Amino acid sequence: MSCKKFRLLLSAYLDQEITKDEQEKLLEHLKTCSACTRELKYLKQMKRIFLLKEKKEPQEFFETRLFARIRSKRERFAWRAYLPVFKKSILAVLIFFLLVVGLLNYRNFLYHRPAEIISDLLIDTEIEDNFEEELLEIYYGPLG
Amino acid sequence: MEEDFELLAKFKKGDQHAFELLVRKYKTTVYNTIYSIIGNAQEADDIAQEVFLKVYTKAGSFKGKSSFSTWLYRITVNKCLDELRRRKNKIISYETGFNEEEKLKLKDVLASREKDSTEELIQNELQDIIQKAMNSLPEKYRIILTFKEIEGLSYNEISQVMKISLGKVKIWLFRARQKLKEKLAFLYPQGE
């Protein structure tokens, strides 16, 4: 195994995340490789830097501020609590509306087409009157 | 872990006090994770609030397939990534170079064996120096180092939180440390 691969193992070794077999090979390599031994020393030092890092606390009144935000959010979206009920009602109204519209259209569909056919056959009332007058003239001669 | 599930179950049933206990338990962890990734105390505080607001509103969707802390870390990382993405559009940069005084301080502290031997003032300055080193790293390395070195998560936990393979966790940590070593090169004299 090359030094490059051992360097990768060093990082995992530092975190105690390598297998026993890998550890044995690494420790064997460290006995003979001064560069990797020096690298391990640096890595340990770097880990120590993070140990020096102290845990900080959030800014003052973190919880008070958070719960105030939660309360305001809850109040702003209080109507959402009724959303499931609203949803059902809206759905029922929508279905009823669609049914009514559908029914009306269906009736129109049924009666509209025959009406259309009849209107095509109907003679204009003016033409009809003229026709009647013409017939009378044929039978009784010119009128008035 | 069991305790977290119990508290969450109580909260889902409407117990607000259970949520308060969860916040009290995790607020420092969440805040420190964000601070380490973002590098700004005020922003870390704001984002931590956003994280807990999300927990409050999304608790119902948590199915318990992972531990509560893994889920919480996941939300935290996503919020941090949102912030970092926002920053990319804004051009916000933090100083990442070290001056001579800072270099000497870090050397001195590392040379002394006891952590407590350093005075409080130096400790505070030291925190800034460490954070500067973190800020100088690419975001994925900053996140993975935070989880490993600050939060002490195992490779397996990091893999779950960051949704990457175990192999990637190993490689990213290795590269993160190499990058950090480059930034802290003044601590490692040539030829030593």
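The values are calculated or read from the model by the stated rules, or taken from the named source; none is laboratory data. Computed from a predicted structure; not experimentally measured. Here the Cβ is made from the backbone with ideal geometry for all residues, glycine too, and neighbour counts use every protein chain on show.
Some points to look at:
- Identity of the residue in the range A:35-65, of a type in the set (D, E, K, R) and in contact (Cβ under 8 Å) with a residue 24 or more places away in the chain, that ends up farthest from B:Tyr56 (Cα to Cα): A:Glu39
- Some residue of the range B:104-126 being of a type outside the set (Gly, Ala, Ser), under 17 Å from B:Trp172 (Cα atoms), at pLDDT 70 or above and crowded, with 19+ Cβ neighbours inside 10 Å: no
- Pairs with Cβ under 7 Å, 6+ apart, first in the range A:66-91 and hydrophobic (A, V, I, L, M, F, W, C), second modelled with pLDDT of 80 or more: A:Leu66/B:Val23; A:Leu66/B:Gln49; A:Leu66/B:Phe52; A:Ile70/B:Leu53; A:Ile70/B:Tyr56
- Taking the range A:1-85 and the helices (runs of 4 or more DSSP H) fully enclosed by it, no element has 3 or more residues that are of a type in the set (Phe, Trp, Tyr), exposed (fewer than 10 other Cβ atoms within 10 Å of the Cβ) and facing another protein chain (nearest Cβ under 7 Å).
- Evaluated against (1) in a helix (DSSP H, G or I); (2) surrounded by 15 or more Cβ atoms within 10 Å (Cβ to Cβ), B:Glu3 falls short on exactly one condition, (2).
- Scoring B:Ile75 on the criteria (1) over 20 Å from B:Thr146 (Cα atoms); (2) at pLDDT 65 or above; (3) hydrophobic (A, V, I, L, M, F, W, C) leaves a single failure, condition (1).
- For the range A:26-51, filtering for residues that are in contact with a Leu (Cβ under 9 Å, 6 or more places away or on another chain) and under 22 Å from B:Ser154 (Cβ atoms) leaves 9.
- Cβ-Cβ under 7 Å pairs, at least 6 apart or on other chains, the range B:127-138 side outside the structural domain of B:Ile37 (by TED's automatic domain parsing) and free of Cβ contacts under 8 Å to residues at least 40 places away in the same chain, far side of a type in the set (D, E, K, R) and not in a loop (DSSP other than H, G, I, E, B): B:Ile129/B:Glu102; B:Ile129/B:Lys105
- With respect to the stated conditions, B:Lys179 is more than 8 Å from chain A (Cβ to nearest Cβ) and either out of contact with any strand residue (DSSP E or B) (no Cβ under 6 Å at 6 or more places or on another chain) or not in a helix (DSSP H, G or I) (or both).
- Tally of residues being crowded, with 24+ Cβ neighbours inside 10 Å and facing another protein chain (nearest Cβ under 10 Å) across the range B:31-43: 4
- In the range B:44-80, the qualifying residues are those that are within 13 Å of the chain's Cα centre (by Cα) and in contact (Cβ under 8 Å) with a residue 40 or more places away in the chain, and the one that is nearest to B:Lys10 (Cα to Cα) is B:Leu72.
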